[in-house]
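Here's the structure, in structure tokens; my notes come after.
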């Protein structure tokens with residue numbers, strides 16, 4: 001479970017101090033599905049970076065299962081990310097010279113999983129997202145939707161507790177968007193993940209059980225009756 005208390009993030013823009021996050025309090029329970037929306041520059045991606053341990057707050061605490069990630073050493077924070085948190089990004093972030101299977105295997109290297117088990121787990125993860133026939137394909141040989149499925153398999157192959165997605169359908173057309181959301185929702189249910197997603201897409205937001213809106217670094221959260 002996440003507990004955020006008084007989370008503030010300040011950036012300097014020239015001589016001006018910008019509050020990307022302004023004292024955010026937020027609780028996210030195990031197994032929750034939360035969608036984060038808001039205007040560009042409102043703090044959405046900054047909040048996701050805090051939840052993923054990719055950045056540290058200027059003030060406040062970001063606890064995951066009772067451990068304040070803001071206070072961890074870089075080595076311990078890297079270990080938390082490697083073991084507990086899966087990431088899916090808008091731009092897929094696949095390595096172009098590696099096959100789909102090899103891209104998925106990269107998530108297991110920091111966990112010191114042996115080569116044979118890496119191959120087996122990567123193949124199983126790709127099969128779970130409908131890409132059993134594409135293991136040996138390079139990213140350039142895959143459609144945008146297929147590349148995002150590889151990215152999802154890579155995020156989930158290490159069996160994380162948390163899945164963080166930053167605009168995962170932003171580069172896809174409407175039909176591919178719906179396919180990827182079906183995959184993400186199926187994985188959330190199947191694995192009991194805590195699933196947190198940033199999106200501009202109101203159609204996606206309407207289907208989320210909880211919706212957080214960030215404006216000027218301030219957050220409001222509501223239960224979504226339409227989900």
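Values for this structure:
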item	result
Contacts under 6 angstrom Cβ, first residue in region 85-101 being at positive phi, partner surrounded by 20 or more Cβ atoms within 10 Å (Cβ to Cβ), 6 or more apart	92/147; 92/148; 92/151
Boolean, residue 223 is within 30 Å of residue 19 (Cα to Cα) and free of Cβ contacts under 8 Å to residues at least 24 places away in the same chain	yes
Complete set of residues in region 106-122 that are crowded, with 17+ Cβ neighbours inside 10 Å, touching a residue at least 24 places away in the same chain (Cβ under 8 Å) and in contact with a helix residue (DSSP H, G or I) (Cβ under 6 Å, 6 or more places away or on another chain)	107, 108, 122
Test for residue 98: is it at pLDDT 95 or above, outside any loop (DSSP other than H, G, I, E, B) and either within 29 Å of residue 29 (Cα to Cα) or more than 20 Å from the chain's Cα centre (by Cα) (or both)	no
Filtered residues of region 27-76 (kept if within 14 Å of residue 198 (Cα to Cα), in contact with a helix residue (DSSP H, G or I) (Cβ under 6 Å, 6 or more places away or on another chain) and part of a loop (DSSP other than H, G, I, E, B))	38
Residues that are over 19 Å from the mean Cα position of the chain (by Cα), under 26 Å from residue 189 (Cβ atoms), surrounded by 13 or more Cβ atoms within 10 Å (Cβ to Cβ) and in contact (Cβ under 8 Å) with a residue 12 or more places away in the chain, drawn from region 125-151	130, 131, 134, 135, 142
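Quick grid of which residues meet (1) at pLDDT 95 or above; (2) over 17 Å from residue 211 (Cα atoms):
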| position | (1), (2) |
| --- | --- |
| 17 | no, yes |
| 39 | no, no |
| 43 | no, no |
| 49 | no, yes |
| 61 | yes, yes |
| 78 | no, yes |
| 81 | no, yes |
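The values are calculated or read from the model by the stated rules, or taken from the named source; none is laboratory data. Computed from a prediction, not measured in an experiment: that's the story for all the values here. Here Cβ is always computed from backbone atoms with ideal geometry, including for glycine, and neighbour counts include all displayed protein chains.
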